[in-house]
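Input: a single structure, listed below in structure tokens.
All of the numbers you see were taken from the coordinates with simple rules; none came from a lab. On a predicted model such as this, the values are computed, not experimentally measured, just so you know. Neighbour counts run over all protein chains shown; Cβ positions are idealised from the backbone, glycine included.
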Amino acid sequence: MFKQKNIVLLLLLCLCACRPNTNERARDLILRYGEINYKHYQPIAFAPVKPYYVPYERNAKTVKYIDSAQSLKRRHDSLRHLIATQNNPVYLLQADSVALAIDTLDKTLAQYKQTYKPERKGWVVVHEYNQKHDSGPLTRETTVFVLDDDMKSIIETYNQ
């Protein structure tokens, strides 16, 4: 019985040792991405892998609120222009209702910001590399890579 437990523990240890660690898996995934998506790709450095928590500014709900507010503000500006050029009371009523909607949305967004708790959405790695653009010299780039929980795919990238 004792011998069987030792064999099982030894097998588990071997399995764990054979699996690449988190930093190696992330590095391999990013290297493949770089070779496919960048011209004359030359990796320089990889920061250690860290858990990725979606910041308030990149949260889908925040982006939706901000996009809606910007759209309403553009509509309000258009109505103000129509009010200034044409004396139509309908435009004034519409502008007032749009202004009320903007105010409500701004308050909702402020309340959401106060209560926002970042959600964990995978892993993040900052990667520095050289690449050549179409007609220019090699340039040094720093890109943030967001990976899924299983480190099987890159969810998003953005320049730092």
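Close amide H partners of L147, meaning residues 5 or more places away or on another chain with modelled amide H under 5 Å apart, are W123, V124, V125, I155.
Evaluated at q = 0.18, 0.20 Å⁻¹, the base-10 log of the normalised Debye intensity for the chain, with identical point scatterers placed on the Cα atoms, takes the values -1.04, -1.16. Of all aspartates and glutamates in the structure, the ones whose alpha carbon falls short of 15 Å from that of K64, not counting any fewer than 8 places away in one chain, are D106.
Only Cα pairs under 8 Å and 6+ residues apart enter the sum, and on that basis the relative contact order of the chain stands at 28 percent.
The angle between the Cα long axis of helix 60-85 and the main principal axis of the chain comes to about 20°, on a 0 to 90 degree scale.
What spacing in nm lies between the two simple spin-label points modelled at N37 and D77, each 7 Å away from Cα in the Cβ direction? That separation, rounded to one decimal, is 3.2 nm. Diffusion of the range 56-115 by Stokes-Einstein, at 4 °C in a medium of 1.567 mPa s and with Rh set to the Kirkwood radius over alpha-carbon pairs, works out to 104 µm²/s.
Comparing T115, S71, S97 along the charge dipole axis of the range 56-115, the residue lying farthest to the positive side is T115, per the Cβ-charge model. With neighbours defined as other Cβ atoms within 10 Å of a residue's Cβ, the residues Y116, Y158 order from fewest to most as Y158, Y116. Each residue of the range 115-126 is assigned a 3J(HN,Hα), and the resulting list reads 9, 5, 10, x, 9, 7, 9, x, 10, 10, 9, 9 Hz, derived from the Karplus form 6.51 cos²θ - 1.76 cosθ + 1.60 (θ = phi - 60°), x at Gly and Pro.
Dividing the summed -39500 (n - 2.57) terms of all DSSP H runs of n ≥ 4 by the residue count of the chain sets its mean residue ellipticity at 222 nm at -18500 deg cm²/dmol.
Each of the peptides 83-93, 33-43 was scored by the mean count of other Cβ atoms within 10 Å over its residues; in descending order, highest first, they stand as 33-43, 83-93.
How far is helix 22-37 tilted off the main Cα axis of the chain, in degrees rounded to 10, range 0 to 90? Value to nearest ten degrees: 60. Magnitude of the charge dipole for the chain, about its Cα centre and with charges confined to Cβ atoms of Lys, Arg (+1) and Asp, Glu (-1), is about 480 debye. Here K132 is the anchor, and the lysines within straight C-alpha reach of less than 16 Å, apart from those fewer than 8 places off in the same chain, are K39.
Over the range 56-115, Cα pairs under 8 Å with separation of 6+ residues give a relative contact order of 38 percent.
Qualifying GluC sites (Glu not before Pro) in the range 64-160, where qualification requires a DSSP coil assignment and no more than 16 other C-beta atoms within 10 Å, comprise E119. In this Cβ point-charge picture (+1 for Lys and Arg, -1 for Asp and Glu), the range 63-142 has a dipole of about 200 debye about its Cα centre.
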